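Below you'll find the structure, written out as structure tokens, and then a few comments.
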Amino acid sequence: MNQTSQDGGQRVECRPARDPAVRALIVAAMFVGFGVYCLIDVARGKYPMPTDWSDINVVANWAFNFFGQFVFTGVGLIFLIWATLFLRRKLTADEQGMTYGGKHVRWDAIRSVDAARLTSKQVLYLRGDGVSLKLRAWRLTNFRELLALIERRVPADRITR
């Protein structure tokens, strides 16, 4: 979403792309599903605690299902939290500077823009006073508009291709 502010400057908002979050949500659903599957097997008594610990197959089946209900569900929740945090993160660039992931960098504070991997990987590196940002096109919407704004605001001698 591009917007023009009252002073004639341009503002670019790059929301997160949906693809990485959808992938994380699919992985989260798989892990939570595995955890629920193990929980159901344990609740039905399909794999009781072994009395003879010398049979490795019986012990492994019990351990997988008993501990799997906790481990798989926990890993699934981690992926769910990551996807939620990713979807809440957006990049905002205006005439003063750029804010992304809690980091704010002013245009005059940018010391170098590394665009060497821009054509092949769609990755752009911004380095400034104590701030380094890695911008990936597949993670952000409106990436072309952002590139146009960066080219207008950062002097050409600071951009390496």
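The sole residue among ALA43, ALA116 that is out of contact with any strand residue (DSSP E or B) (no Cβ under 7 Å at 6 or more places or on another chain) and either outside the structural domain of VAL154 (by TED's automatic domain parsing) or in contact (Cβ under 8 Å) with a residue 24 or more places away in the chain (or both) is ALA43. Check the stretch 109-117 and report whether any residue there is surrounded by fewer than 17 Cβ atoms within 10 Å (Cβ to Cβ), within 20 Å of the chain's Cα centre (by Cα) and closer than 22 Å to ARG15 by Cβ. Checked the stretch 109-117: no residue is surrounded by fewer than 17 Cβ atoms within 10 Å (Cβ to Cβ), within 20 Å of the chain's Cα centre (by Cα) and closer than 22 Å to ARG15 by Cβ. So, LEU39, is that one crowded, with 16+ Cβ neighbours inside 10 Å and touching a helix residue (DSSP H, G or I) at 6+ places or on another chain (Cβ under 8 Å) or not? Here the answer is yes, as LEU39 does meet what is asked. Please work out which residue is nearest to ALA24 (Cα to Cα), limiting yourself to the stretch 119-142 and to residues that are of a type in the set (D, E, K, R) and free of Cβ contacts under 8 Å to residues at least 40 places away in the same chain. Step by step, filter the stretch 119-142, then rank; the result is ARG136. Criterion applied to THR84, THR51, THR99 was being of a type in the set (Ser, Thr, Tyr) and part of a helix (DSSP H, G or I), and the one residue passing it is THR84.
The values are calculated or read from the model by the stated rules, or taken from the named source; none is laboratory data. Remember, predicted model here, so these are calculated numbers, not experimental data. Using ideal geometry, Cβ is built from the backbone for each residue, glycine included, and neighbour counts are taken over all protein chains shown.
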